[in-house]
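This report concerns only the one structure given below.
The values are calculated or read from the model by the stated rules, or taken from the named source; none is laboratory data. Owing to the predicted nature of the structure, the values given are computational and were not obtained by experimental measurement. When we count neighbours, we look across all protein chains shown, and the Cβ atoms used for this are built from the backbone with ideal geometry, even at glycine.
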Amino acid sequence: MTADLSPETTHSGFVALIGAPNAGKSTLINQLVGSKVSIVTHKVQTTRALVRGIATHGAAQIVLVDTPGIFKPKRRLDTAMVTTAWGGAKDADLVLVLIDAERGIKGDADAILDKLADVRQPKVLVLNKVDRVKPETLLTLTKIANERVAFERTFMVSALTGSGCTDLLDYLGKALPAGPWYYPEDQISDLPMRQLAAEITREKLYLRLHQELPYSSHVETEKWEEKKDGSVRIEQVIYIERDSQKKIVLGHKGETIRAIGEAARKEIAEILEQKTHLFLFVKVRENWGDDPERYRQMGLDFPH
Ligand SMILES: Nc1nc2c(ncn2[C@@H]2O[C@H](COP(=O)(O)OP(=O)(O)OP(=O)(O)O)[C@@H](O)[C@H]2O)c(=O)[nH]1
Ligand SMILES: [Mg+2]
């Protein structure tokens with residue numbers, strides 16, 4: 001059965017997902033959209049800016065806003081990320097508060113519940129990673145969180161397996177205001193391809209590099225050239241902070257950067273459905289974390 005999409009019956013709106021780093025926000029967005037629109041890694045602080053993923057559910061267009069994890073900021077970039085996350089929540093029609101049920105309510109998640117009083121939008125609790133915990137734990141978390149914050153509803157999901165996600169979409173479709181859709185029917189993200197391609201490379205970099213390196217790096221697409229033979233040539237720059245990090249990114253005989261490039265190239269080519277040539281350059285930029293231009297490229301406000 002196809003949905004009735006006449007303007008009188010459609011619903012649409014913005015749903016922000018907020019939560020501590022690693023709670024599974026980006027995984028959930030990808031699951032709800034049904035396609036990868038936001039990068040995911042096992043490391044904290046993967047998402048750095050707002051990413052909108054668009055899910056269509058019946059006659060509803062649900063614009064899901066992925067936000068950076070909320071934590072206690074140390075660097076300038078952290079401050080920009082956390083400010084952006086709260087801003088995303090305040091601009092949305094509805095806010096999903098994600099809690100990693102395996103981690104429970106402590107640390108950053110605990111601090112987020114305290115600050116929710118400042119968010120006036122309707123709030124919905126989403127306990128994620130139910131595949132990792134016992135039902136009793138979920139009931140306890142539901143009780144504690146609902147005693148602290150006036151949530152409209154509580155959902156228990158696994159962003160990884162998709163368990164509980166249809167119920168969540170059903171709810172969101174009805175909860176959002178009646179009105180025309182914001183985006184064309186077949187659009188799934190608002191991220192320009194150049195930026196998504198940079199994000200994909202950053203994901204591969206996060207997966208390959210350890211300790212502080214992922215956090216000291218930043219990727220930008222500098223050139224995008226469509227070739228006559230139907231292929232595309234993409235040049236990207238990986239910014240790092242110190243010269244000593246360069247040899248780690250390159251690896252022995254360049255094998256680390258080659259592996260990062262190959263993994264990224266494969267994924268970008270699949271998305272573009274086009275032969276892709278990807279060239280990565282490493283640049284040392286000691287203070288890129290204090291350079292307003294880098295923030296502009298990421299779509300973040302520069303905190304003064
Ligand atoms: N077992 C399990 N793992 C999950 C689930 N959802 C997410 N994960 C894992 O949790 C890790 C973090 O997922 P992300 O989606 O990147 O988390 P995030 O909240 O977007 O993290 P930041 O962008 O750093 O704030 C990844 O390793 C995911 O595979 C889930 O439902 N079950
Ligand atoms: Mg994320």
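Looking only at the stretch 1-49, filter to residues that are modelled with pLDDT of 95 or more, more than 14 Å from ligand 1 (Cβ to nearest atom) and surrounded by fewer than 21 Cβ atoms within 10 Å (Cβ to Cβ); which one of those is nearest to T83 (Cα to Cα)?
In this case the residue turns out to be F14.
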Pairs returned, first residue in the stretch 43-57 that is in contact (Cβ under 8 Å) with a residue 12 or more places away in the chain, second residue that is near ligand 2 (Cβ under 9 Å from one of its atoms) and of a type in the set (D, E), beta-carbon separation under 8 angstrom, 6 or more apart or interchain, are T47/D66; L50/D66; V51/D66; R52/D66; G53/D66
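Output the residues belonging to the stretch 2-24 that are of a type in the set (A, V, I, L, M, F, W, C), within 28 Å of the chain's Cα centre (by Cα) and part of a loop (DSSP other than H, G, I, E, B).
Within the stretch 2-24, A20, A23 qualify.
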All conditions in (1) in contact with a Lys or Arg (Cβ under 9 Å, 6 or more places away or on another chain); (2) among the small types (G, A, S); (3) within 15 Å of ligand 2 (Cβ to nearest atom) are true of A60 except (3)
Check: loosely packed, with under 13 Cβ neighbours inside 10 Å and more than 19 Å from V40 (Cβ to Cβ): does that describe E226?
Finding: yes
Scanning the stretch 50-64 residue by residue, those of a type in the set (V, I, T) and within 13 Å of ligand 1 (Cβ to nearest atom) turn out to be V51
Requested in this report: Could you tell me whether the stretch 170-186 includes any residue that is touching a helix residue (DSSP H, G or I) at 6+ places or on another chain (Cβ under 7 Å) and either crowded, with 19+ Cβ neighbours inside 10 Å or among the aliphatic types (A, V, I, L, M) (or both)?
Outcome: no
Restricting attention to the stretch 50-64, the residues that are buried (at least 24 other Cβ atoms within 10 Å of the Cβ) and not aliphatic (A, V, I, L, M) number exactly 2
Filtering the stretch 261-294 down to residues that are of a type in the set (K, R) and assigned to a loop (DSSP other than H, G, I, E, B) yields K275, R285
Of the residues in the stretch 85-99 that are crowded, with 20+ Cβ neighbours inside 10 Å and not in a strand (DSSP E or B), the one that is farthest from ligand 2 (Cβ to nearest atom) is A92
In the stretch 170-210, anything assigned to a helix (DSSP H, G or I), of a type in the set (S, T, Y) and either touching a Leu at 6+ places or on another chain (Cβ under 8 Å) or under 15 Å from I257 (Cβ atoms) (or both) is listed as T201, Y206
Restricting the stretch 74-118 to residues that are farther than 30 Å from E136 by Cβ and among the charged types (D, E, K, R), the one modelled with the lowest pLDDT turns out to be D118
Per the list (1) under 18 Å from E262 (Cα atoms); (2) surrounded by 20 or more Cβ atoms within 10 Å (Cβ to Cβ); (3) not acidic (D, E), residue check on S158 breaks on (1)
Scanning the stretch 211-223 for residues that are within 17 Å of L280 (Cα to Cα) and in a helix (DSSP H, G or I) gives P214, S216
Report task. Determine whether T67 is near ligand 1 (Cβ under 10 Å from one of its atoms), in contact (Cβ under 8 Å) with a residue 40 or more places away in the chain and surrounded by fewer than 22 Cβ atoms within 10 Å (Cβ to Cβ). Result -> no
**Asked** Does the stretch 12-22 include one or more residues that are without any contact (Cβ under 8 Å) to a residue 60 or more places away in the chain and either more than 11 Å from ligand 2 (Cβ to nearest atom) or not assigned by TED's automatic domain parsing to the domain that holds L169 (or both)?
**Response** no
